[in-house]
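Written out below as structure tokens is the structure these notes cover.
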Amino acid sequence: MKYLGFFPALSPAEVHDRVAQARKAQKIWAESSFKQRRQFLRILLKYIIEHQELICEVSSRDTGKTMVDASLGEIMTTCEKITWLLSEGEKWLKPEYRCSGRAMFYKKSRVEFHPLGVIGAIVSWNYPFHNIFNPMLAAVFSGNSIVIKVSENASWSGLFYFRIIQAALAAVGAPENLVDVITGFAETGEALVSSVDKIIFVGSPGVGKMIMRNASDTLIPVTLELGGKDPFIVCEDADVSHVAQIAVRAVLQSSGQNCAGAERFYVHRDIYSSFVSEVTKIVKSVSVGPPLAGRYDMGAICLQEHSDKLQILVNDALEKGAEIVVRGSFGHLGEGAVDQFYPPTVLVNVDHTMKLMQEETFGPIMPIMKFSTDEEAVKLANDSRYGLGCAVFSGSQRRAREIASQIHCGVAAVNDFASNYMCQSLPFGGVKHSGFGRFAGVEGLRACCLVKSVVEDRLWPYIKTKIPKPIQYPVGENSFEFQQSLVEALYGLNIRDKLRAGVNVLKIMSEQNSSNSKSRNE
């Protein structure tokens, strides 16, 4: 609850002006070499590695997460993305040749990837460093400019991180305004959507729907990452003590304020009691307190009013028969900051009638439910309007993989949790109310591009496309017969039919040529 600074809420006119400046810069940057773009990434990577503590401290001050959680969720994922772009990015943005099609044997084809222009990103507060760097890196490396509206709940850290980006761009001679960070509320975001060539949004389903409606006015592409209600499935043949540690990390990292965090725990009835006992011992030892004090396991809740929402979800579950088995303990909290903290909480006897199992929690609450068969686990996991990720644990890799394959989501971890996001060569995103489109990987990089297919003559100017006589305007009487034979000659299922059709093609062309020659002589 300390005062960090003052930042303006930009008006629509100010947003449009900032986007216009970014558009001018993008036209210059689109001509930059990959060498210059790689140098920009190397400068950023060097700075991040040398200033990890500062970056994590800024994140902690703005969001309340611990330094360790900031490092895991912000530093490592961003460094992984930069490293992948340095090693693989150029390859996936170079023209890709696809010479195919029997009718095109004298042509060569390729797919080109051109910058879209100005990318707009509206990002959430829970990972203020990575949520800025993630879309910025893909946009700038693919030749675009980008304007990022940071959350009104993380404006201070957003503008601090922006200065890092500005310094790195200046070092490689990039044009001014290539990257911009803007602050404000709903009207600021609406103005951004109406001004750019693509919008990336990280936030809630309700706001995501509003952004889609606004984007329909200009018909720009949209990528939505709208959170989740990820299931965490533990089969009876899993190593309980091993999985329990992962489960607690999955629900408590960043105080549970993690879109890919585990929010629904399904444990086989044969190991249910032992699993609950293991996680209870761990959570009982977790202490909660000010993140920069350096002696607490879990930090604060970013939004002051969110603690009330978490308690409402817990109360609803308790009224419907759930039971709290353990809560973590608080350390010394400063006066006036109590509402910023919520104790890690484990509940049992939960079911899907409870809001806690249906609504996104975004907090340090672990509801644990029994299942009897793999089919039941899959059914429970899919009983959600969200579909971002899942984690499945079993002593049999094959069994875990089979269960994960049946869960309707965009990201699956087999005998692991959230390691997908640490592999930035993989696309990240969900289905259903978790949104659509993908960040990261080839898919995320090319999503920042205009994808253009190009065909040209392979042996130009020696062999050129020429319309056959029978189908030149005005078409001849036998034009359709010619076309039928041509299709069969190219695509027929057996050699005999192809040869017969080919002979007919040559015959018709010969007759056409003879007829034209006779007409000219007359």
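If you check Lys309 against the conditions, is it under 27 Å from the mean Cα position of the chain (by Cα) and either at positive phi or surrounded by fewer than 22 Cβ atoms within 10 Å (Cβ to Cβ) (or both)?
In short, yes.
Condition test on Leu310, is it under 25 Å from Leu388 (Cβ atoms), in contact with a Leu (Cβ under 8 Å, 6 or more places away or on another chain) and outside any loop (DSSP other than H, G, I, E, B)? Quick ask: steps written out before the conclusion?
Details: under 25 Å from Leu388 (Cβ atoms): yes; in contact with a Leu (Cβ under 8 Å, 6 or more places away or on another chain): no; outside any loop (DSSP other than H, G, I, E, B): yes.
Judged against the criteria, Leu310 is not a match.
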Q: Inspect the range 234-243 for any residue being more than 16 Å from Gln358 (Cα to Cα), free of Cβ contacts under 8 Å to residues at least 40 places away in the same chain and assigned by the TED database to the domain that holds Ala138 and give the result as yes or no.
A: no
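For the range 353-372, give me the residue count where each residue is assigned to a loop (DSSP other than H, G, I, E, B) and surrounded by 23 or more Cβ atoms within 10 Å (Cβ to Cβ). Please lay out each step first, then the result.
We begin by selecting, within the range 353-372, every residue assigned to a loop (DSSP other than H, G, I, E, B); these are 353-354, 358-364, 372.
Now restrict to residues that are surrounded by 23 or more Cβ atoms within 10 Å (Cβ to Cβ): 361-364.
Going through the range 353-372 one residue at a time, the tally reaches 4.
Please go through the range 57-84 and give me each residue that is over 17 Å from Val179 (Cβ atoms), hydrophobic (A, V, I, L, M, F, W, C) and touching a residue at least 24 places away in the same chain (Cβ under 8 Å), ordered by number. Talk me through it step by step, then tell me what you get.
The initial filter retains those residues of the range 57-84 that are over 17 Å from Val179 (Cβ atoms), namely 57-77, 79-80, 83-84.
Now narrow it down to the ones that are hydrophobic (A, V, I, L, M, F, W, C): 58, 67-68, 70, 72, 75-76, 79, 84.
If the condition is that a residue be over 17 Å from Val179 (Cβ atoms), hydrophobic (A, V, I, L, M, F, W, C) and touching a residue at least 24 places away in the same chain (Cβ under 8 Å), then Val58, Met67, Ala70, Leu72, Ile75, Met76, Cys79, Trp84 are the ones that fit.
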Q.
Looking only at residues that are at pLDDT 90 or above, in a helix (DSSP H, G or I) and among the hydroxyl-bearing types (Ser, Thr, Tyr) in the range 466-512, which one is surrounded by the fewest Cβ atoms within 10 Å (Cβ to Cβ)?
A. Ser479
Q. Yes or no: Val243 among the β-branched types (Val, Ile, Thr) and either part of a loop (DSSP other than H, G, I, E, B) or open to solvent by 10 Å² or more (accessible area, probe 1.4 Å) (or both)?
A. no
Q | Of all residues in the range 18-56 being in contact (Cβ under 8 Å) with a residue 60 or more places away in the chain and of a type in the set (D, E, K, R), the one that is least open to solvent (accessible area, probe 1.4 Å) | A | Arg37
Q: For Phe436, indicate whether it is more than 26 Å from Tyr97 (Cα to Cα), open to solvent by 80 Å² or more (accessible area, probe 1.4 Å) and touching a residue at least 60 places away in the same chain (Cβ under 8 Å).
A: yes
Q: Could you tell me which of the residues Gly289, Gly256, Gly294 is within 20 Å of Glu359 (Cβ to Cβ) and not aromatic (Phe, Trp, Tyr)?
A: Gly256
Q: Kindly state which helices (runs of 4 or more DSSP H) lie completely within the range 1-63 and contain at least 1 residues that are within 21 Å of Thr83 (Cβ to Cβ) and not aliphatic (A, V, I, L, M).
A: 34-50, 52-63
Q: Might you let me know whether the range 170-188 holds any residue that is open to solvent by 10 Å² or more (accessible area, probe 1.4 Å), more than 21 Å from the chain's Cα centre (by Cα), farther than 30 Å from Gly256 by Cα and free of Cβ contacts under 8 Å to residues at least 24 places away in the same chain?
A: yes
Q. Quick check, is Leu333 assigned by the TED database to the domain that holds Val378, of a type in the set (A, V, I, L, M), in contact with an Asp or Glu (Cβ under 7 Å, 6 or more places away or on another chain) and within 26 Å of Ala70 (Cβ to Cβ)?
A. no
Q) Quick one: would you say Glu278 is open to solvent by 10 Å² or more (accessible area, probe 1.4 Å) and closer than 21 Å to Lys379 by Cβ? A) no
Q. From the list Val111, Val68, which residue is β-branched (Val, Ile, Thr), surrounded by fewer than 24 Cβ atoms within 10 Å (Cβ to Cβ) and assigned to a strand (DSSP E or B)?
A. Val111
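Restricting the range 313-340 to residues that are in a loop (DSSP other than H, G, I, E, B) and at pLDDT below 95, which is surrounded by the most Cβ atoms within 10 Å (Cβ to Cβ)?
This residue is Gly328.
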Q. Where residues in the range 284-306 are under 15 Å from Leu252 (Cβ atoms) and in contact with a helix residue (DSSP H, G or I) (Cβ under 6 Å, 6 or more places away or on another chain), which of them is surrounded by the most Cβ atoms within 10 Å (Cβ to Cβ)?
A. Met298
Q. Would it be correct to say that Gly387 is buried (at least 19 other Cβ atoms within 10 Å of the Cβ), farther than 26 Å from Arg327 by Cα, of a type outside the set (A, V, I, L, M) and touching a His at 6+ places or on another chain (Cβ under 6 Å)?
A. yes
Q. In the range 259-297, how many are under 20 Å from Gly328 (Cβ atoms), more than 30 Å from the chain's Cα centre (by Cα) and either assigned to a strand (DSSP E or B) or in the same structural domain as Gly64 (by the TED database) (or both)?
A. 2
Q.
Conditions first: (1) touching a helix residue (DSSP H, G or I) at 6+ places or on another chain (Cβ under 7 Å); (2) within 30 Å of Cys449 (Cα to Cα); (3) in a helix (DSSP H, G or I); (4) open to solvent by less than 20 Å² (accessible area, probe 1.4 Å). Gly208 passes all but one, so which condition is the exception?
A. (1)
Q. Name the pairs: first residue in the range 471-483 and under 11 Å from Asn504 (Cβ atoms), second residue assigned to a helix (DSSP H, G or I) and aliphatic (A, V, I, L, M), Cβ to Cβ under 6 Å, at least 6 apart or on different chains?
A. Asn478/Ile508; Phe482/Ile508
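The values are calculated or read from the model by the stated rules, or taken from the named source; none is laboratory data. Because the structure is a prediction, the values reported are computed rather than measured. Cβ sites come from the backbone with ideal geometry, for glycine too, and all protein chains shown count toward neighbours. Ligands, DNA and RNA are excluded from the accessible area calculation, which covers all protein heavy atoms including side chains. Shrake-Rupley method; radii C 1.70, N 1.55, O 1.52, S 1.80 Å.
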